[in-house]
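Data block below; observations after.
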Amino acid sequence: MIDLLEELGKKTPRYSQKHRKLLEGFAKKGAIDYHEKTEKSYDLGKFFNNFYEFYIYAAFIGLYTMNPVPIMDNEETKTFGVPMRDWNSNGSGQTVQYLWMAMLVVSELDFNELENMDQKDVEREMRNISRLIEAYANGGFDFIESKVAENKAFFDDDDCFVKLLKEVN
């Protein structure tokens, strides 16, 4: 039996470089990105400890707003360099599993067919789920950027991201 979550955990989703400034504005860099260990890397953000935590949040925002925006082939992208199975700081490992479950639900994956698939076909399906996560995160980032453009002061509140969740729910 092929372990779907193990296969999905191997994936390293991408994000569009156009959202890099947004990531740096709200998330700290350093816990996962071992390439930059300067003091500045820890002072970039104040709401999320890691870029991938903000990425997970954005994916849920994209899901709540039903706004998947696939990353275009010509877009410059970047990954976190760490597979999703290792996105587990600050208890976020369980949240990653909730994200996977949500994506499995919204995907058009036929679980009955999965039982008869070869390993390479299952890997392809999990790559499709990873692309779906990318699309919803991209849509979530677009939504957050529009909120920033609309009312930058909204993000001066320490509870702004909790309030944003309530707003889209």
Exercise for the section: Report the label-to-label distance for Gln97 and Asn74 in nanometres (one decimal), using points 7 Å from each Cα along the Cα→Cβ vector. Expected result: 4.3 nm
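A 22 angstrom limit on the alpha carbon distance is what I want to check against. Which of Lys21/Lys152; Lys11/Lys78; Lys78/Lys166 exceed it?
Details: Lys21/Lys152 14 Å; Lys11/Lys78 13 Å; Lys78/Lys166 29 Å.
In this structure, Lys78/Lys166 exceed 22 Å between Cα atoms.
Where does each of 50-62, 116-128 land if you order them by average Cβ count within 10 Å, highest first?
Packing proxy ranking, top to bottom: 50-62, 116-128.
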Handout entry: Residues Val168, Val96, Val105, sorted so that the one with the fewest Cβ neighbours within 10 Å comes first
Key = Val105, Val168, Val96
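How many percent of all Cα-Cα pairs in the chain sit more than 25 Å apart?
Values: 4566 of 14196 pairs.
Counting pairs separated by more than 25 Å, the tail of P(r) holds 32 percent.
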Exercise for the section: Sort Tyr64, Tyr98, Tyr15 so that the residue with the fewest other Cβ atoms within 10 Å of its own Cβ comes first and the one with the most comes last. Expected result: Tyr98, Tyr64, Tyr15
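Computed from the coordinates by the stated procedures, all read-outs in this text should not be read as laboratory data. Treat the numbers as computed from the prediction; the structure is a model and nothing was measured. Neighbour counts are summed over all protein chains in view; Cβ atoms, including those assigned to glycine, are modelled from backbone coordinates with ideal geometry.
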